[in-house]
Every structure is written in structure tokens, then in C-alpha cells.
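A short worksheet on the structure shown next.
Bear in mind these aren't lab numbers, they're just calculated from the coordinates by the rules spelled out. Small disclaimer: the values here were computed from a predicted structure and weren't measured. No Cβ is skipped: glycine too gets one built from the backbone with ideal geometry, and neighbour counts run over all protein chains shown.
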Amino acid sequence: MQMSATQPSGEIAYNSPMKILVIEDDREAADYLQKAFAEAGHTAHVAGDGETGFALADAGDYDVMVIDRMMPRRDGLSVIAGLRSRGNTTPVLILSALGEVDDRVTGLRAGGDDYLTKPYAFSELLARVEVLNRRASAKEAETVYRVGDLELDRLSHSVRRASREITLQPREFRLLEYLMRHAGQVVTRTMLLENVWDYHFDPQTNVIDVHVSRLRGKIEKGFDKPILHTVRGAGYMLKSG
Amino acid sequence: MALSVPAIMKTTAARLSALYFLLFALCAVALVFYMTSLSARMLTAQTQETINDEVLGLARAYQRGGLPILVRVVEQRSRQPGANLYLIADANGQILTGNVQSLEPGVLENEGWTSSPFSYQRFGEGELERLRNLPAEQGTTTQSEQNDAQAQGEKGHNAIALVLRLPNQMIMLVGRDLGEPERFRAVIRRALMLALGMMGLGGLLIWFFVGRAALKRIDSVSEASRRIMGGDLSGRLPVTGVGDEFDRLSENLNAMLARIAALNEGLKQVSDNIAHDLKTPLTRLRNRAEATLSGKQKPTDYRQALEGTIAESDQLIKTFNAILMISRLEAGYSSENTNRVDLAEAVRDVVELYEPVAEEAGVSLEADAREAVSVNGNRELIGQALSNIVDNAIKYSTGANAQPAVRVTLERAGADVRLSVADNGHGIPDDGDRARATERFVRLEKSRSQPGSGLGLSLAKAVMTFHNGRLELLPGNPGLSVVMSFPAREDH
């Protein structure tokens, strides 16, 4: 399936362990998430309904919350709005069966930070949760991103690798900027399409792969070490060494 | 129990009849009222004129011979039968002569016309009363006239009069009985009652014939619709061929039924297609899992099978999402997220998104969208529709002799904005095939070898419907040209 020329980098390399709160009324789905997060090296607590979830979120110190939108007793959006009004800024990923443009906008307006439509791939959810992790998202303010010998200056819009200037098209620059901001993290194709192109649909052809392979050609050709890795079944990761 | 309207009043015909009856009755009452007041005024004027003439005659008598002659003339005239009243009284109001026995007090105090009719008693009234109580001896008066007179007799007769003061402080009254105008009013009142009665009867007849005829037609329509509701979707409402409003109603309802039947047929077709397009990959999925479980496999085989399973289910989810989206768009889903969309920017975005894919496939992808054109819409939906079309164009531009090329053009055409994607591939030469290409799950023979769900163009078409636009497939020269037509924004 992969169009990449480089070999897969094997197992996904995970970031520092996170404390995740999962508020999901489907017992089976919640258990699966808890197990999968644990396998990825994180700790996940599960709440089976909105009220319990709200109490846990209000009391505990979580890095990221995954909240199902439709739940008994208290729906997900109300939980998020309640937490936000109490000054809780923990990043929230909304899970929902509703996937229209309007549903997404409503979810994000209620205070969610990301929106994922069911059914989803766990690799997609994991990648998004890791990107949301508040302890890792301090990079927003930096003007120069560095990954190994690759350097991107956000102000002068210039890219260098090992002091050699690399010319990129505007979109390629934004693509690399996003990958470097989340260096060391898995970035999925839909995340790229959403954040670099601002589209939320599935293109019929995997256009993102072609864009990435083109960018890879520019930042890896002539250098001995690969830096932009393909993570099988998940997406891409920018990582030195 | 609540007050219930009689069942018959629940029909429109009965309600309309009642309404018309009320309306006409009001008109008749107003007309009669106007006529009586007009004729009463005329009669009063006539009465006054008669009195004036009488006074003029008496004045001449007075001039001729003074008071004695006047009194004699009055006495003489009083004896004559008729409606005229005469009275001469002294300064204290004591009646001296005339044919009036008594009258309402205060009438003689003001000189000139009496302000309103007053009641009085004539000489010989008692005797007359007695005579009238003997029916056998009634004279020329009819029964009703007598009744009227009787009714008046109880409180005296009514009259209007002119009161004059004679030079020697005596008072003279010349007047006329009002019996005649009052009889006239009674006649008119009777006529009014009769007219109202006739109208009531007429309304009832109209309701009976017209209303019931309409009711019968409506009942037959109700009957036919109940039959259709019962499941016989091929049933139609009766059309008599007269071409009246009932026929028009039935024709329109029949057209609606035909449309519903067509949609129903379409739905059935779609569910058949969905069943096919979802069942085929689901079966494949199941068979793969079964084949992997049976027999000895190496761990790498399991891995490969599972990866294949995931890829297959992802494709299924995509197809499912597309079907849902098309259904919602076609069902008239309304979005709050429509605003000004810069089409030139949308073209640039999509072309830029597909440019590397086109290059890799050896297709030249060009955009001609310099003019800034905006439409009302949803950027996301337009982007998705356009990328589906561009995706198709890139896939199908190859194969013909020429260097494959796809050209996206944005232009204005009158009140429309046209966004066309033209390729120079083999195109779809057959008109019928071209028309079918936007139907759900239709994959023309030549495209079977290409990956795809058969929903790309259907989705684009649904998106255009959502934007009040059209999606057309036109034969290119060579190749195919897919045209998205949007209504332009008002502010241009």
C-alpha cells in the first residue's frame, strides 16, 4: 500500500508516557482503548458516562482526554463545555459517529481540540492524542525548528540541511513545518490533509503520499541519513538518526 | 363533554354555505335599512308639505274673515274624514275646537314643527275602538291594518304637526297622522323577512347540491389516497377530465405520486447496489479471514492477511461514508456552514493537491482560474467534489494517443459560474453512458479496471445539487469535459 521509497522504520517509537482519560459509554470500545493505550506505554482511565467522566476530569490531572460525543446521563459536548467553564484546559479529542462538516464545527466550538469520526483506526487516534499532549505542544512559540541537521526558520521561510539551502514550494514548506513541529511523533495522512490543506475528506487517491515522497526527495536526496520515516499502517515521522 | 360542532358543520361546503348566507343576509338588511330610511324621509317631507298647504289655506281664511271664519273652517274640516289633524286652543292650552281630543303634554308649548312624532287621541276614538272589536263589521281595513291600528290605539296615534300662535295668544295646531308611513315600514319589514327566509332556503339548496357534489369528489379522492396508503403505490387519483380545480389537484397529486414511486424505485435500486457493493468486499473479507485460519500459516502470512483485512475495511468505511454523505446531501441537508467561497482559490488548492499525482502519472495538469469568482457554498464540499472530478480526469486521460492533459477552467457564463474539468482521454462517446455516469455505483465498462467505488461523480452531483447548481458531462474534443455550474453570488 505504501508509495514510499524508503523502508519502513519498524515499530512506532513512542513519546513520554501520558495519563489519558477516556470517557466512552461503549464498554468494549473503552476496554480496547485502555488496553491499546497501555501497550503504547500510556496510562488510561476509563469513565462509562458523562457525569463520572466530568468528576474524574475535574479531579485528576490528565494530559489528554478522549471523549465520546453521545453518551447517557451527560453528553460529551456538555462535559467539555463544563470543564472549559471551570478553567480546565486539558486538550480534548472528540470521538463521534457524526462526521458531517457541521458536526465537526459544533464539536470544536464546544471546546474540543480535535475531532475523530467513528469508526477510526487506533493508530490514527494514538497519533492525534500524542500530538495533542499538552507537555509536547510547547513548540508553537519557537521560530526555528531543528531536527538533527535539518533546520527550518519560520520567519525567513528558509530550510537548510547540514548548512545546505533547500528550496521548497510554499505548500511543501508548510508540510515540513508541520512535520517538524511534531518531530518524533507519528503524523497521519488525514492529519496532514487537515492541517496543511485544511480539508477533512478522504481523497480517492492517496495524494498525501505523493506530496510527502516529493518532500522527502528534496530533504533527503544527497544526504546519507534518512530523516522522514514512513510508519507502517499509521503515517509519517520526522526523526533524526 | 366539550361543546362539539355538528359533524355536518365540519365540511367545507357547509361552512362556506353558512358564510355566504350570513354575508348576503347582512347585505339585504343593509339595503332594506337604507331603503326604509330613505322612503321614511321622503314620506315625512311629503307630510310636511301637505301640512304647509293646509296652513296656507287656513291663513287665507283668517285673512278673509278673521278668527270667527278660521274657527268655522277648522270645525268644518275637522268633521271631514282623513289623516289631517286640527286643533285650536286658548293661551292655557285648553282645547277649544278641532278633531283632537287629547295629546301628549308639552306639544303646544313650542311654536313651529314638532321635533318628533307625538301621540294623540282623536275625537270619537272610543266609539271607533268599539266598532273595530266587532270583526263582522270591519270596513275596508284589512286584518293586518287593523292589527297595526290596534297596536297603535293602545298608546294613541302618532302624528307630526305645525304649532302656530295666533295674534290673540290662541294656539293653533295643524298636523297629520303617521299611520300610513308606518304601514309602509311594516310592509318593507315583511319583505325583508321573506327575503331572509328565501336566502336561507337558497343557501341550504346550494349546500345540498353544489357542496355535496364537491364533497363526493373529495370523498372519492380520499378513498383513492387511502388505497394508495394501503400499499398500492401504482394507484392514482380519479381525474374526470372536466379540467376543474379538482382535476388539477388530482393531476398534481398524481404527479407527486409518480415522483414518489420513481424515488422509491431509485431507492430500491440503490439498496440493491449497496447490497452488492458492500457485500462483495465483506464476503472477500470473510473469505480471507477463513482461509488464513484454515491450514498452516507462517506468522508473516497472518500479518499480511490482517493488513489486507484492515485495508479492505478502510475501503468499506470510505464507501459507507460516501453513501451517507450523498444521501444526506440529496435529502436536502442544510448546512449552517455555507459562506463565500473563492472558487479560484478552490481550483488552485485542488490543482496543487493533485499536481504531484498528475506528474507521477505523466499527466499535465493545468488550471485557468485567474478571475476572482465567488459563490455561496461550503468550501469543504466544493473541494471534495472538484478533487473527485480531477482525480477521475487524471485516471482517464491516459490511454489516448496524445500527451495526457487535464485542464481546469473557471469562467463566468451569464448568471452562472462554470467550473469545468476537461481531459483528452477516450472520454465517454455514448450519450446514454455519459448520462448514467453520475448515478450511484455506476462504473462504466472501461473503468472497471481502475480502483474506485463508483461514487465519486455521484457525490460531486449531490454536492452540486446542494449548491443549487448542476453537474454536466459533455463530450470533449477529444475526451470528456465535466462542468460544474454554480449560480453566481448576488453581489457580483
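Laid out as a table, the results:
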item: Dipole moment magnitude, nearest 20 debye, chain B about Cα centre, only Lys, Arg, Asp, Glu C-beta charged; result: 1200
item: Förster radius 30 Å - calculated FRET efficiency between B:Glu366 and B:Asn337 (Cβ-Cβ, nearest 0.05); result: 0.50
item: Two-site label geometry, B:Ala59 and A:Asp103: point separation in nm, points 7 Å out along Cα→Cβ; result: 10.4
item: Kirkwood estimate for the range A:79-175, i.e. one over the average of 1/r between Cα atoms, Å; result: 16.2
item: Pairwise label distance in nanometres, B:Cys27 with B:Arg189, each label 7 Å out on the Cα-Cβ vector; result: 2.6
item: Partner chain coverage, peptide B:377-387 - average Cβ within 10 angstrom; result: 3
item: Test item: A:165-174 mean partner chain Cβ contacts at 10 Å; result: 1
item: Integer Hz, Karplus 6.51/-1.76/1.60 couplings in order for the range B:99-109, x for Gly and Pro; result: 9, 9, 7, 8, 8, 3, x, x, 5, 7, 6
item: Net lengthening on full extension, B:Tyr34/B:Arg436 (0.36 nm per residue, minus Cα-Cα); result: 137.3 nm
item: Residues B:His276, B:His157 arranged by fewest to most Cβ contacts within 10 Å; result: B:His276, B:His157
item: Kirkwood Rh (inverse of mean 1/r, distinct Cα pairs), chain A, angstrom; result: 18.9
item: Sequence-separation-based contact order of chain B, relative, with Cα cut under 8 Å and 6+ spacing, percent; result: 10
item: Long-range Cα-Cα pairs in the protein assembly as shown (distance over 45 Å), rounded percent; result: 54
item: Chain A, relative contact order in percent, only Cα pairs under 8 angstrom and at least six apart counted; result: 18
item: With Cα atoms, 0 to 90° folded angle of helix A:50-59 axis to chain A main axis; result: 70
item: Long-range amide H partners of A:Val46 with built H, under 5 Å; result: A:Val22
item: Full-stretch length increase - B:Glu49, B:Glu251 - with 0.36 nm per residue and alpha-carbon distance subtracted; result: 65.7 nm
item: Efficiency of FRET between A:Glu51 and A:Tyr120 - r from beta-carbon atoms, R0 22 angstrom, step 0.05; result: 0.30
item: Estimated vicinal HN-Hα couplings, Hz - the range A:37-49 in sequence order (Karplus 6.51, -1.76, 1.60; Gly, Pro = x); result: 5, 5, 4, 7, x, 10, 10, 10, 9, 10, 10, x, 8
item: The range B:339-487: relative contact order as a whole-number percent, Cα under 8 Å and 6+ apart; result: 23
item: Where labels lie 7 Å past Cα in the beta-carbon direction, separation of B:Ala258 and A:Lys221 in nm; result: 6.3
item: Interchain or long-range residues, amide H under 5 Å from A:Ser158's placed H; result: A:Asp153
item: Cα gyration tensor category, rounded, prolate or oblate, for the range B:381-424 with a/c compared to 1.5; result: oblate
item: Table column - 3J(HN,Hα) (Hz), the range A:17-27, Karplus curve with 6.51, -1.76, 1.60, x for Gly and Pro; result: x, 10, 9, 10, 9, 10, 10, 8, 7, 7, 3
item: Gain upon complete extension [B:Glu265, B:Glu111; 0.36 nm per residue less C-alpha separation]; result: 45.8 nm
item: Nonlocal amide H pairs with A:Val64, under 5 Å, H built at 1.01 Å; result: A:Lys19, A:Leu21
item: Calculated P(r) tail over 45 Å for chain B, as whole % of Cα pairs; result: 57
item: B:Ile69-B:Met198 FRET efficiency (beta carbon distance; Förster radius 56 Å; 0.05 resolution); result: 0.45
item: Per-residue [θ]222 nm for chain B (sum of -39500 (n - 2.57) over DSSP H runs n ≥ 4, rounded to 500); result: -19500 deg cm²/dmol
item: Span-rule helices in chain B, defined as complete DSSP H runs reaching 18 Å or more along the axis (Cα) with Kyte mean at least 1.6; result: none
item: Residue order, fewest to most surrounding Cβ atoms within 10 angstrom, among B:Ile260, B:Ile389, B:Ile95; result: B:Ile260, B:Ile95, B:Ile389
item: Magnitude of the charge dipole, chain A, Cβ model with Lys/Arg +1 and Asp/Glu -1, debye to 20; result: 880
item: Anisotropy class of the range A:19-132 from Cα gyration tensor, a/c 1.5 cut; result: rounded
item: 222 nm mean residue ellipticity, helices alone, for chain A (DSSP H n ≥ 4; -39,500 (n - 2.57); rounded to 500); result: -11000 deg cm²/dmol
item: On Cα atoms only, tilt of A:170-181 relative to the major axis of chain A in degrees; result: 60
item: Footprinting exposure proxy for A:Tyr115, B:Tyr302 (fewest neighbouring C-beta atoms within 10 Å first); result: B:Tyr302, A:Tyr115
